[in-house]
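Here's the structure, in structure tokens; my notes come after.
A short reminder: the numbers here are calculations on the coordinates, not readings from a lab. Being a predicted model, the structure only gives us computed values, none of them experimental. Here the Cβ positions follow ideal geometry from the backbone for every residue, glycine too, while neighbour counts run over all protein chains shown.
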């Protein structure tokens, strides 16, 4: 496991970004913040995966470029020990875990409070997204502090019994999911992934989709299934968008990445792509994850 985690750190290695800090319960927490000229602005919180950092999300995703073009603020927090304290118990998590007693819900809530108070963020347009462990933390934040968010997007993650049972969102929040059918760590059909480092008991992606549909008062069946253009024939994968029929402002969408791995579609996410393909599965390049997620968020003020 240690060797695997070290490899992932190499795969996602990024130049350190200048960090700002905030104190939570006596612990100094770090984050990188990029603001537009016009404020208050919509705010997107981008949560990294296990073993990663906020700097990795800056250099390995299109979020900085999308934020600059679209004029929204984007913040890249750092999890303690390169991980997030989501609702799953330690024994049902792969990779690193945060120190005992870490309250990442309080961290993100305090960060939002600061950015709203100083006039940087529009409190009615705050969004959260994350990949893998960051995706689990995204869903945890909706479960615990739905009042804060106008939309959420989880990449390469599904619910478990342990994360779903205590999940009681205070109100419906538009939710986007992005899951690969060849994910070796978070299997699309649920259970335990094919990787030797995978853990068990994940829900199928479609069961997780149904959970958020019920939470948002949507119909149970698919409203539309759209096959997106296979723009890059060399990536060995395609994308299907599965839409839901929901009340206004409560959209739930699944981007199914057919034959895609435990990856964020779009911008190159690894220094050594062949190794990443071996351990994490193929990365889709037909869409860009950040672009698709922001297009979803823009509809949910």
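Remarks
- Extension reserve of the residue 23-residue 197 stretch, reckoned as 0.36 nm per residue once the Cα distance is removed: 59.3 nm
- All-pairs alpha carbon distance profile, the chain, 10 Å steps from 0, percent: 6, 31, 39, 21, 3, 0
- Helix-only mean residue ellipticity at 222 nm for the chain, each DSSP H run of n ≥ 4 adding -39500 (n - 2.57), per residue, nearest 500: -8000 deg cm²/dmol
- Most mobile of 268, 99, 77 in a GNM of the chain (Cα contacts under 10 Å): 99
- Among beta bridges identified by DSSP and lying wholly in the chain, the antiparallel ones come to about 45 percent.
- Sorting the segments 207-217, 193-203, 22-32 by their residues' average number of neighbouring beta-carbon atoms within 10 angstrom, most packed first, yields 207-217, 193-203, 22-32.
- By other beta-carbon atoms within 10 Å, ranking 87, 280, 92 with the fewest at the front produces 92, 87, 280.
- Gaussian network model of the chain, springs between alpha carbon atoms under 10 Å - residue of 59, 240, 160 with greatest fluctuation: 240
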